1. Among (1) 6, 24, 25, 17, 14, 10, 2, 0; (2) 6, 29, 35, 21, 8, 2, 0; (3) 5, 17, 22, 22, 16, 10, 5, 2, 1, 0, 0, which one is P(r) over Cα pairs in 10 Å bins from 0, in percent computed from these coordinates?
2. Taking all protein chains together and a probe of 1.4 Å, list Val44, Val177 from the most accessible to the least accessible.
3. With every protein chain left in place, what is the accessible area per residue of the chain in square angstrom, probe 1.4 Å?
4. Among Gly273, Gly198, Gly211, which one moves the most in a GNM of the chain with springs linking Cα atoms closer than 10 Å?
5. Provide Thr230, Thr262, Thr158 ordered by accessible surface of protein heavy atoms (probe 1.4 Å), highest first.
6. Near Thr167, within a Cβ-to-Cβ distance under 13 Å, what is the net charge of the other residues, with Lys and Arg +1 and Asp and Glu -1?
7. Counting pairs of alpha carbon atoms under 8 Å apart in space and at least six apart in sequence, what relative contact order in percent does the chain give?
8. How large is ³J(HN,Hα), in whole Hz, for each residue of segment 248-265 in order, when computed from phi with the Karplus curve 6.51 cos²θ - 1.76 cosθ + 1.60 and θ = phi - 60°, using x for Gly and Pro?
Amino acid sequence: MTTSAQTVVAPARARTATATATVRRKQGFQHGGWFVAPFLALFVLFVIWPLLRGVYLSFTDANISGEGASFVGLDNYREALNDSAMWDALGHSAYFTLLVVPCITVLAFLLAMLAHHIERGKWLWRLCFFVPFLLPSTVAANMFQWLFTQGIGLINQTFGIDTPWLTDKSYAMLAIVIETLWWTVGFSFLLYLAALQGIPGHLYEAAKLDGANAWHRMVHITLPMLRNITGLVIALQILASLQLFDQAVVMMDFSPGPELSTRSFVQYTLEQGFTSYRVGYASAMSIIFFVIIAVVALARMWLLRNREEGGR
C-alpha cells in the first residue's frame, strides 16, 4: 500500500513542481519585460527602423529631400556592383584592415605582457597604454595631422626627414594606420591584460619545475590560454577597421586623400548620399556593406566553431 501511494504521489508532485516553475517563469518574464522595454523601444527606433528604411530606400531613386522618390527595383544594386569607384573604396578599406589588424593584435599582446610582468609603476604603464583609447577620434586625428605635417611636423623634425605623409598617396594610408594603432591599441591591450590575469599561476609554477624557460612557457601556456581572446580581438578589429572613416576624413582635411588613396567605403557612401544627394544609391551601397560585414562575422563564427570541434 505504501509503495502504491508513493507511486501515485510522486507524479503529482512532479506535475505540481512543473506547474509552479512555469508560473514563476511567466511572472519573471512579465516583470522583467518592463525593465527591457526601454532598451527594446530604443533598439527598434534607432536600429531596426533605420535598417528597414534603408532597405526600402535602396530600391528607390530617393534624393536627400525625400520627395518624389520612385521605385527602381535592383537598378541601384546593379549600378553599385559595376561602380569601379565603389570597389576602389572597398579595396582601400580592406587594405587598411590588412595593415591594422595584425599589427594591433601583436602590439596589444606585447604591451599587455609588459604591463603584466613589470614590477614597478605597473599602474602608470597600464594608464599610459589605455588613455589614448579614451580620446575622441577627431582629437587623435588632429594630433597626428599636426605630427605628420610636412615641414613643421614633429615626426619629420625629430627624425630629420621631409616625408610628405599626408600629400603623397604612398604614405597617406600608412600615416592613418600609425594614428589608428596609437589611438585604438588600448582597447585590445585591456582585453589581453584581463585574460593574462585570468591564467592560473600554478601552470607556470609547474612548468618551471619541469625546466621550461620563459619562451617555452609563453608558447605552450600563455598563447594557448589566450587563443579565444585573440580570436575576439581579431574579429573586433576587422569589423572596426572595415568601417574606417573618422581618422581618414579628419587627417585628410575632409578630402578623399591624395589621388583618392584614402577614400574608404563608408566615406564614398556618405559622399553619394550627402554630396551627390543620391540617398537611394547610398542606401544600396550601405546594404551591400552590411552584407559584407555580416559575412565576415559569420565566417569568423564558423571558423571558431570548427576549431573548437577539432580541438575536442
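The values are calculated or read from the model by the stated rules, or taken from the named source; none is laboratory data. What you see is a predicted model; the values in this text were computed from it and never measured. Because the Cβ atoms are built from the backbone with ideal geometry, glycine has one as well, and the counts that use them run over all protein chains shown. For the accessible areas, the whole protein counts, side chains as well, though only heavy atoms, and no ligand, DNA or RNA atoms are used. Shrake-Rupley method; radii C 1.70, N 1.55, O 1.52, S 1.80 Å.
1. Only one listed value fits the structure, namely (3).
2. Values: Val44 75, Val177 10 Å².
Of Val44, Val177, the descending order of accessible area is Val44, Val177.
3. Values: 19120 Å² over 312 residues.
For the chain, the per-residue accessible area is 61 Å².
4. Taking springs between Cα atoms under 10 Å, the residue moving most is Gly211.
5. Values: Thr230 40, Thr262 0, Thr158 90 Å².
If we order Thr230, Thr262, Thr158 from most to least accessible, we get Thr158, Thr230, Thr262.
6. Values: positive: Lys169; negative: Asp162, Asp168, Asp253, Glu259.
Residues close to Thr167 contribute a combined charge of -3.
7. Numbers: 306 pairs, mean separation 85.0, N = 312.
27 percent.
8. With the stated coefficients, segment 248-265 comes to 5, 5, 5, 5, 9, 6, 6, 10, x, x, x, 6, 6, 6, 10, 6, 8, 4 Hz.
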